[in-house]
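All of the numbers you see were taken from the coordinates with simple rules; none came from a lab. The shown structure was predicted, so the numbers you read here are calculated from the model rather than taken from an experiment. Cβ coordinates were reconstructed from backbone atoms using ideal geometry, including for glycine residues, and neighbour counts include every protein chain displayed.
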Amino acid sequence: MKLQGIKPIENMTQVDRIEMNLHDYFRNENFLPGDSIPKEIELAEAMGVSRTAMREALTRFKTLGIIESKKNRGMVITEPDVLQNMNRVLNPQLLHQDTMQDFFELRLVIELGIADLLYVRKTDEDIKKLEEIVDKENAAKSKAEKLKWDIEFHATLYKISGNQTIERFQRTLMPVFDYMKNTLHIRSQEQTADYVSHKVLIQILKTGTVEDFRQGMYKHLMQYFEQIK
């Protein structure tokens, strides 16, 4: 039974509350990367907590890359590497199937979403690089070698987009994509009607429109989009 006006007791430790207070303090005081923060003892006294509890909370911030210790300056705010932190925890074997499905779908959406960036930033040299990859893929003797060049083709598209965050995010999601490919019942490309090959995608990049490429990539990944429910 849910009673109106009664809030549940937060299941938080003291260190959790200190961490939240520090987040609010850094944000409200507009701390920026490179700014020094008060000493551990000053923060502990201001919050009325022990130095041990404050030290544990600050250690969490250091682990996340939000603060670091500098010689002769004490602790300073740093720009956290969000994707590096994600890499540390993105283990497919530790994630729920629903979470894996969400990441899997996100990767597919990104594959379509970079089309606009590709058409703004692609060069003749980029097209040549893609053609060389396709030649190597077609000449591959084994399934493993073909897969290697398939991955290289898509990784190169991310590089052409010119967005380093998207490129790194693609590499971060690769273990999830591989895991889902091995877990789900994915039809082979040969079984997919209207399949668009890498070679055709390159031709679209040369002469087609952004929407042509987006539609081509959708057909290229059709067997994966079929897994979205």
Report task. Using the structure shown, list the pairs from Lys122/Lys199; Lys148/Lys219; Lys39/Lys70; Lys146/Lys206 with a Cα-Cα distance above 18 Å, or answer none. Result -> Lys148/Lys219; Lys146/Lys206
Query raised in the report: Can you give the extra length, in nm with one decimal, that the chain gains between Thr63 and Asn28 once fully stretched, where that is 0.36 nm per residue apart less the Cα-Cα distance?
Result: 10.4 nm
Query raised in the report: Between Met20 and Val120, 0.36 nm times their residue separation minus their Cα-Cα distance comes to what?
Result: 31.8 nm
Query raised in the report: Which order, highest average first, do 76-82, 213-219, 105-111 follow once you tally other Cβ atoms within 10 Å for each residue and take the mean per peptide?
Result: 213-219, 105-111, 76-82
Query raised in the report: Expressed in nm to one decimal, what extension gain is obtained for the pair Thr99 and Asn11 from 0.36 nm per residue of sequence separation less their Cα-Cα distance?
Result: 29.3 nm
Report task. Treat each spin label as a single point 7 Å out from the Cα along the C-beta direction, and report the Lys199 to Asn72 distance in nm. Result -> 6.4
**Report entry** Expected 222 nm ellipticity per residue - DSSP helices of 4 or more, -39500 (n - 2.57), all of the chain, to 500
**Finding:** -20500 deg cm²/dmol
Requested in this report: Mind giving me the FRET efficiency for Asp81 and Lys39? R0 is 30 Å, r the Cβ-Cβ distance, nearest 0.05 is fine.
Outcome: 0.75
